[in-house]
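Some notes on the structure that comes next.
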Amino acid sequence: MRFITTRGQAPPVSFKTAVFRGLAPDGGLYVPETIERWPAAELSRLPRRTLTEIGLRVLRPFTRGELDATVFEAVVAAALDFEIPLVPIEPDVYALELFHGPTLAFKDVGARVMARLMASLHEGDAPLTVLVATSGDTGGAVAHAFHGVPFTRVVVLYPDGRISPTQEAQLTMFNGEAAGEACGNVRAYAVAGSFDDCHRLTREAFGDAELRDRVPMTSANSVNVGRLLPQMIYYFHAVAQLAAAAGDSAPLAGRSPRDAGPDRVVFCTPSGNFGNLTAGLMARRAGLPVAHFVAATNINDVVPEYLETGRFQPRGSVQTIANAMDVGHPSNFERMLWLYGHSLDAMRADIAGVRYADDQVRDTIKRIFERCGYLLDPHSAIAYLGITGWSGPRPRAGIFLATAHPAKFAEIVEPLVGRSIPKPRPLAEALARPRPILRIGATLDAVKERLAG
């Protein structure tokens, strides 16, 4: 499989090159040259497949010829060693719980697969620096996924004072390890600014030719296909679980994904940088029977605004209680435009955009706990609102992506539900460790100084 750039001004490359470069030389994002459709017979077998088997099948077209089959299987099995259950919340509404990995967030899926792929594809002794900007969960997932991985160094940039205490604990827990130690390869820096500043700094660093000559770098944000493509897996896994629960594989094959009949599925994806949604759109292109997607945001709503008005107007992000979605200039919108040939009408046919304010999110967390006994974090609450507000043809099921464990946002959720939330062991361990905060200014020079060190 060859990978091309969304801007079309750089030559096609292999999967390995796309992963290690992160961004294309023309400033665009790598995308697969083709997205192979699954045969109907394979889709019908989905309910009988394990998560690992689905992961192998989803990623195989993109990695074919670049990884030994045994190594590839070991990579996927080791990365996806936790459950991703589909949980019924109310009639025809399901939560896909993506928070059972080591950092209790959906980004564990992409980050863990990416780290193991890079370790398997790496050649030589030169270390690779993984530079990542985070609005909350990405940095923790990447830090944990690459912690102790040979020949890698991770530098995480996060907005100072704009992430939750638990997110900061997971980010900074490795800062106290000496750089010379076997596992001392992760550093997280609190940037004096917003997530958009952090993201700008990573782009400036990747665009600095002199710096990249001295410091081999790649990205671990969803701009990197190595992190984006594995996120397709759980969309297939969700539909497989739905069909298995119904004892029926018929909805998985034989009809167009654009058919919004009663055996179709609607997904609601809480969206910030829009990598999660882009992966779902790619899964649909591969043949997954999805009637529609709902792109749900907080008040940082540049994509819902585009779907309504046809104008894409990036702006500075506004801080909300769903902080991982506080993104004013989502990178993956460029991939979405590429997928739809820059056609607004085509995008509108597949995606509805909605946004919700903090008061609505708080009310939903409280109301759903009181009515169903189910705990939502702020991001998952936005997804719930999006799927239950869907006004299109009634699907067979509505699935919302529950992207973070509510314990990660205990300071928001606990006062609303009137009870304490037990902390899963990985979170309790992170909170118990020292948290050295390393602060830097929002300048490229400050970042270069850390990268060169």
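Karplus-based coupling profile of the stretch 198-205, in residue order and whole Hz: 4, 5, 4, 5, 5, 5, 5, 5, with θ = phi - 60° in 6.51 cos²θ - 1.76 cosθ + 1.60 and x standing for Gly or Pro.
In this simple spin-label model, placing a label point 7 Å from the Cα along the Cα-to-Cβ direction at both Asp213 and Ala74 gives a separation of 3.8 nm. In this structure, the amide hydrogen of Arg355, modeled 1.01 Å from its nitrogen in the peptide plane, lies closer than 5 angstrom to those of Thr297, counting only residues at least 5 positions away or on a different chain. In this simple spin-label model, placing a label point 7 Å from the Cα along the Cα-to-Cβ direction at both Arg48 and Glu370 gives a separation of 4.8 nm.
Qualifying GluC sites (Glu not before Pro) in the stretch 2-67, where qualification requires a DSSP coil assignment and no more than 12 other C-beta atoms within 10 Å, comprise Glu33. Distance between the pseudo-spin-label points of Arg315 and Glu204 (7 Å out from Cα toward the beta carbon): 2.4 nm. Note that the stretch 360-374 has calculated 3J(HN,Hα) couplings of 5, 5, 4, 4, 5, 4, 5, 5, 6, 5, 5, 8, 10, x, 9 Hz, one per residue in order, obtained from phi through the Karplus relation 6.51 cos²θ - 1.76 cosθ + 1.60 (θ = phi - 60°); glycine and proline are x. What the Cβ-Cβ distance of Arg425 and Ala119 gives, at R0 = 41 Å and to the nearest 0.05, is a FRET efficiency of 0.95.
Under a 5 Å amide H cut-off, with hydrogens placed 1.01 Å from N, Thr152 pairs with Leu128 among residues at least 5 apart or on other chains. Rounded to the nearest Hz, the phi-derived 3J(HN,Hα) couplings of the stretch 298-308 under the Karplus curve 6.51 cos²θ - 1.76 cosθ + 1.60 (θ = phi - 60°) are 7, 6, 7, 10, 5, 7, x, 5, 4, 5, 7, where x marks glycine and proline.
The computed Cα extents along the principal axes in Å for the structure shown corresponds, within (1) 57, 53, 43; (2) 56, 55, 40; (3) 151, 77, 31, to (1). Can you give the % of DSSP beta bridges in the chain that are antiparallel, to the nearest 5? Looking only at bridges with both residues in the chain, the antiparallel portion is about 20 percent. Amide H contacts for Leu23 (H built 1.01 Å from N in the peptide plane; partners 5 or more residues away or on another chain; cut-off under 5 Å): Ser219. Give me the percent of accessible area attributable to carbon and sulfur for the stretch 324-369, probe 1.4 angstrom. The C+S portion of the solvent-accessible surface of the stretch 324-369 is 52 percent.
Taking 0.36 nm per residue of separation and subtracting the Cα-Cα distance, full extension of the segment from Ala357 to Phe151 would add 69.9 nm.
The values are calculated or read from the model by the stated rules, or taken from the named source; none is laboratory data. Quick caveat, the model's predicted, so the values are computed rather than measured. Cβ: placed from backbone, ideal geometry, glycine included. Neighbour counts: every protein chain shown. What goes into the accessible areas is simple: the full protein's heavy atoms, side chains included, and nothing from ligands, DNA or RNA. Shrake-Rupley method; radii C 1.70, N 1.55, O 1.52, S 1.80 Å.
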